[in-house]
């Protein structure tokens, strides 16, 4: 990534400062299409605790930490975080960093120059000496100790470390997955898109497990976004774990299906694709803005069998006599399996957030059960690595359901009381090269 020009830095520092003031904030939407600003914001947020550790150790060595804690506002702190990222991650020279920042950050003085010079001599060996295994892993993989503590009981240390590392290795990712949407298209649309991409030097290969999913080089993502097929809703960027949820649901053309937490509609559109626009999908979501987005995507994705409803799915306003053949509940969760693309979620992980999600998921599962016909199919999924949002949730509802068979390419779910719960599986970043997902499939008794 080429370093930002002065205009870019002027934009980067305020949004980093905003994150430092409020870790629950998100990057303003206007910057999502600005590659350099987006990159530096996301990567500084990704490595926040690691950068913070380096900054504080360096200031401590200079006897400046106390003064910094008392006087540095969020804008000055943002300058320190930007400088530390550029020097430790991109090997930038301290003089270069000072020139980049000095135009926009007027209170940079001698102490900041001393910090930049000292930063060049930072030693991980010295800094981590005496740290516990938990502390070292937290700092090295830039993740809160909360995440590690909650995953240690269900993962070996090596597998835990591998998954955390994968979810940081955005630069090491070699492929992305795209879905070819052939709804209401000529029969040869898939071959036409493959040929068109090949002519543009974009290699493409079909996924062995999900036929509508294809793998393309990650370095070609910008070309995909600029492609006419993407703009016309024929190419959809979708992680394999997300697509796997719909593959497990296995919708049939004449089904009546409820997608309970549907927005912005990527999975819903895949359900419609598999149904060939026949049958009926009721897609609900509580978030009005996301439903507005879904309304636009519905047209772009050529969906005609889907009815949208902006409602709280816990109390879905449907006639009690209208029961569904299949219910998809891709439930709100902590997002602990999505740190690769959503690094800001790392710093929201705590007991309060997890408990809130668990309570919400239980209520949604109760509603999902009530919406199903006898022998109807429920697929429950979360993009979380925590057992509290997967196996433990399903365990409470086993009396109402019997497990359905899952594809053998899913990884095994966690052991609960030394046994795996039938009908449940997982996808792991380090093993499956996807986001971290829990997927369960059950039939109502």
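Here is how the numbers come out for the structure above:
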item	result
Criterion (surrounded by fewer than 19 Cβ atoms within 10 Å (Cβ to Cβ) and out of contact with any helix residue (DSSP H, G or I) (no Cβ under 6 Å at 6 or more places or on another chain)) met by exactly one of 249, 225	225
Candidate set: the range 309-345, residues that are under 11 Å from residue 435 (Cβ atoms) and touching a residue at least 40 places away in the same chain (Cβ under 8 Å); chosen: the one surrounded by the fewest Cβ atoms within 10 Å (Cβ to Cβ)	341
Answer residue from the range 296-308, given it is part of a helix (DSSP H, G or I) and surrounded by 15 or more Cβ atoms within 10 Å (Cβ to Cβ) and is nearest to the chain's Cα centre (by Cα) among those	297
Count of residues meeting criterion [within 22 Å of residue 362 (Cα to Cα) and in contact with a helix residue (DSSP H, G or I) (Cβ under 8 Å, 6 or more places away or on another chain)] in the range 269-305	4
Residue 168 vs. criteria at pLDDT 95 or above, closer than 29 Å to residue 336 by Cβ, under 20 Å from the mean Cα position of the chain (by Cα) and in a helix (DSSP H, G or I)	no
Qualifying residue in the range 385-395 (condition: in contact with a helix residue (DSSP H, G or I) (Cβ under 9 Å, 6 or more places away or on another chain) and farther than 23 Å from residue 406 by Cα)	no
Any hit, the range 74-85, residues being free of Cβ contacts under 8 Å to residues at least 24 places away in the same chain and either surrounded by fewer than 16 Cβ atoms within 10 Å (Cβ to Cβ) or in contact with a helix residue (DSSP H, G or I) (Cβ under 8 Å, 6 or more places away or on another chain) (or both)	no
Residue that is nearest to residue 75 (Cα to Cα), among those in the range 118-161 that are more than 31 Å from the chain's Cα centre (by Cα) and surrounded by 14 or more Cβ atoms within 10 Å (Cβ to Cβ)	119
Filter result for the condition that a residue is touching a helix residue (DSSP H, G or I) at 6+ places or on another chain (Cβ under 8 Å) and in contact (Cβ under 8 Å) with a residue 60 or more places away in the chain, over 372, 406	406
Single residue of 149, 190, 210 found to be more than 27 Å from residue 249 (Cα to Cα), outside the structural domain of residue 407 (by the TED database) and either touching a helix residue (DSSP H, G or I) at 6+ places or on another chain (Cβ under 6 Å) or not in a loop (DSSP other than H, G, I, E, B) (or both)	149
Test for residue 110: is it touching a helix residue (DSSP H, G or I) at 6+ places or on another chain (Cβ under 8 Å) and assigned by the TED database to the domain that holds residue 63	no
Total residues in the range 172-187, condition touching a helix residue (DSSP H, G or I) at 6+ places or on another chain (Cβ under 7 Å) and not in a loop (DSSP other than H, G, I, E, B)	6
Elements of type strands (runs of 3 or more DSSP E) contained in the range 354-441, each with 3 or more residues being over 16 Å from residue 248 (Cα atoms)	372-382
Subset of the range 34-63 (residues that are farther than 14 Å from residue 13 by Cα and modelled with pLDDT under 95)	34, 35
Verdict on residue 369 being under 21 Å from the mean Cα position of the chain (by Cα) and closer than 17 Å to residue 284 by Cβ	no
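The values are calculated or read from the model by the stated rules, or taken from the named source; none is laboratory data. A quick note: this is a predicted structure, and the numbers were derived from the prediction, not measured. Cβ sites come from the backbone with ideal geometry, for glycine too, and all protein chains shown count toward neighbours.
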